[in-house]
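So the structure is just underneath, and the comments pick up after that.
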Protein chains: 2
Amino acid sequence: MSAAKQARAAKRATVIKAMAHPSRLLCLEALMAGELCVADLTSLVGADISTVSKHLALLRSVGLVTIEKRGLQVFYQIACPCLGTFFECMDDLASSARSSKRRAAARCQC
Amino acid sequence: MSAAKQARAAKRATVIKAMAHPSRLLCLEALMAGELCVADLTSLVGADISTVSKHLALLRSVGLVTIEKRGLQVFYQIACPCLGTFFECMDDLASSARSSKRRAAARCQC
DNA sequence: ATTATGCTTGGCAAAATGGCCAACTAGGTT
DNA sequence: AACCTAGTTGGCCATTTTGCCAAGCATAAT
């Protein structure tokens with residue numbers, strides 16, 4: 001029983017950890033408007049292309065994005081359309097951190 | 001423009017990173033059924049109480065939970081009711097990782 | 001065939017995280 | 001006052017994460 005819950009928590013953590021980085025969130029956000037290749041995402045993030053490639057590989061390994069190779073390029077695409085709503089909810093939390101219970105709850109309208 | 005997006009991504013990452021650990025997810029999940037004190041959560045997680053206390057402090061620092069002190073105990077409470085839906089979505093992703101785009105998208109119904 | 005382009009992978013150093021023990025604080029009890 | 005009881009905080013070490021460079025790989029162009 002508890003073992004099953006811990007296993008589930010571990011799986012969830014794997015996916016959530018994959019999102020838990022500014023560069024990776026930036027990529028996810030950009031991809032929500034449509035697919036982009038690695039070069040596009042690299043200029044967006046502003047890091048070395050190898051770094052961005054590894055970030056994307058991580059997102060892909062947990063299923064948050066999928067790829068499609070066309071010619072020399074690799075296009076990354078969002079696999080989970082629900083992220084938008086969730087991100088807005090995170091924004092609300094971020095701006096009401098450490099506030100009273102009532103205020104935080106009021107802001108969260110998911 | 002891009003600076004604003006990066007700032008937003010950083011804030012989001014702070015909140016999401018706070019969730020990105022099995023023990024913290026276990027706590028959040030348990031708290032969704034109602035408030036619990038640190039001792040309760042500690043036996044649930046199965047780690048040292050000091051470790052759990054630090055996990056909870058982190059969740060609180062980003063506004064995911066709030067506290068209420070009563071007597072000697074500190075009761076932790078969920079601040080963001082939307083987490084349930086999101087977690088289910090993560091479960092779907094976790095079980096369809098590395099699958100084709102079509103399958104992954106089909107499973108995500110958020 | 002050679003070269004170029006787009007991306008991935010290996011390796012390494014710096015930084016951040018996680019977990020335990022020990023020490024401390026705040027609120028109750030005797 | 002002395003003593004519990006419930007949590008928090010500091011310190012330390014082990015592990016993980018992050019990011020750059022260099023090297024490798026696959027596809028396309030010349």
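Of the residues in segment B:70-86, how many are open to solvent by 80 Å² or more (accessible area, probe 1.4 Å), near DNA strand C (Cβ under 10 Å from one of its atoms) and touching a helix residue (DSSP H, G or I) at 6+ places or on another chain (Cβ under 9 Å)?
Residues that pass the stated criteria total 1.
Hey, among B:Ala47, B:Ala30, B:Ala39, which residue is among the small types (Gly, Ala, Ser), more than 8 Å from every other protein chain (Cβ to nearest Cβ) and away from DNA strand D (no atom under 12 Å from the Cβ)?
The conditions single out B:Ala30.
What's the total number of residues in segment A:33-61 that are in contact with a Phe, Trp or Tyr (Cβ under 9 Å, 6 or more places away or on another chain) and either outside any helix (DSSP H, G or I) or open to solvent by less than 10 Å² (accessible area, probe 1.4 Å) (or both)?
So the count comes out to 6.
For every residue, the table says whether it meets (1) at pLDDT 95 or above; (2) more than 14 Å from B:Leu93 (Cβ to Cβ).
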residue	(1), (2)
A:Lys5	no, yes
A:Leu26	yes, yes
A:Cys37	yes, yes
A:Ile49	yes, yes
A:Ser61	yes, no
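Within segment A:38-50, is there a residue that is over 10 Å from the mean Cα position of the chain (by Cα) and closer than 19 Å to B:Phe87 by Cα?
no
Can you find a residue in segment B:97-105 that is modelled with pLDDT under 95, surrounded by 13 or more Cβ atoms within 10 Å (Cβ to Cβ), within 11 Å of chain A (Cβ to nearest Cβ) and under 20 Å from B:His21 (Cα atoms)?
yes
Specify the residue that is surrounded by the most Cβ atoms within 10 Å (Cβ to Cβ); the eligible residues are those in segment B:14-32 that are of a type in the set (Gly, Ala, Ser) and touching a residue at least 24 places away in the same chain (Cβ under 8 Å).
Among them, the one singled out is B:Ala18.
The values are calculated or read from the model by the stated rules, or taken from the named source; none is laboratory data. If you're wondering where the values come from, they're calculated on a predicted model, not measured in any experiment. Note: ideal-geometry Cβ built from the backbone for every residue, glycine included; neighbour counts use all protein chains shown. Quick note on the areas: whole protein, heavy atoms, side chains included, nothing else; ligands and nucleic acids left out. Shrake-Rupley method; radii C 1.70, N 1.55, O 1.52, S 1.80 Å.
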